[in-house]
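The values are calculated or read from the model by the stated rules, or taken from the named source; none is laboratory data. All figures in this text were calculated on a predicted structure; none of them were measured in a lab. So basically every Cβ, Gly included, is an ideal-geometry build from the backbone, and we count neighbours across all protein chains shown. Accessible surface areas use protein heavy atoms only, side chains included; no ligands, DNA or RNA. Shrake-Rupley method; radii C 1.70, N 1.55, O 1.52, S 1.80 Å.
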Amino acid sequence: MVLALTYPDAPSARRPGRSWTIRVVGHRDRTASVTCSSACAMPPRSRDLAALRRFAEAHAAAHARAAAVRPDAACSCRRQRCALHEGTRVACAGTVVLVLRHDPAVGQVWTLSEVCSACAPLMPHTRVVGRPARPADPGGPPRADSEPGGLPAPPPSVAPPRLVPGGFSAPAAGAGSPAERTTSRRRDLGRRGGRAGAGNGGG
C-alpha cells in the first residue's frame, strides 16, 4: 500500500538544493553524445558508446569533487515531491548530503543532488559522495597536536641551518664553521713552527 507523504515547508533561509544531470544520448545516425545540465564542454559525437559512458562517469565524479555541499541547502528530492521513494512516508530532516544516482540497468544517466539525510537512503541506486565541511568549534578543547593558543603545533623538523655572511647555509655538521677552520689552521701552523724551532735549536 502506498503511504501518504509529508512535505514540510523548508525554512525560508535555505537555498534551493542543486542538481546536475549527465546523460549519454543516442542519435539517428547511430552516434551518441554526452550532455550536462550545466554549461560544460562536452566531447563530440561518437560511435564509441563505452568511451562516452566512461567520460560521463568521470564528468559526474568531477562535479562531485568540485561541489562544496552547502549545509543550508533545501532538499532537492522534496522539490520533486519525493517521487523517487513515493511509497515511503518521510519528513525531510537531518544534514544535507550530496548523492550520486545511477541505475546500472539503464547505464546512461548520472544525477548529482543535494538532498537531506532522511531522503538519501530511500533513493534507489544512490550513494552519498559528499558531505558539508564541519566548521571549526571556537569553544571546543584544543587538539592534542595544538599549541596552548589553539594553533596547530609546527611539525617536527631538524634544527635550522646556521647562516653565514652572504646568506648561504653553514657547512654540514662535522665540517666546522669558517671561524673554527681558521682557528684550527692557526693551531696547526703554531705546532709546526714550534717543532721547526725545536729542531733548529738542537742542531
> If you take the residues of segment 73-119 that are under 13 Å from residue 131 (Cβ atoms) and open to solvent by 40 Å² or more (accessible area, probe 1.4 Å), which of them is nearest to the chain's Cα centre (by Cα)?
Replying inline: 95
> Which of the residues spanning segment 80-117 are modelled with pLDDT under 90, of a type in the set (A, V, I, L, M, F, W, C) and not in a loop (DSSP other than H, G, I, E, B)?
Replying inline: 83, 84
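Of the residues 65, 53, 70, only one is modelled with pLDDT of 90 or more, surrounded by 14 or more Cβ atoms within 10 Å (Cβ to Cβ), among the charged types (D, E, K, R) and not in a loop (DSSP other than H, G, I, E, B); which?
Being modelled with pLDDT of 90 or more, surrounded by 14 or more Cβ atoms within 10 Å (Cβ to Cβ), among the charged types (D, E, K, R) and not in a loop (DSSP other than H, G, I, E, B) holds for just one of 65, 53, 70, which is 53.
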>> I want to confirm something. Restricting to segment 22-42 and keeping residues that are open to solvent by less than 50 Å² (accessible area, probe 1.4 Å) and at pLDDT 95 or above, which single residue is farthest from the chain's Cα centre (by Cα)?
In response: 31
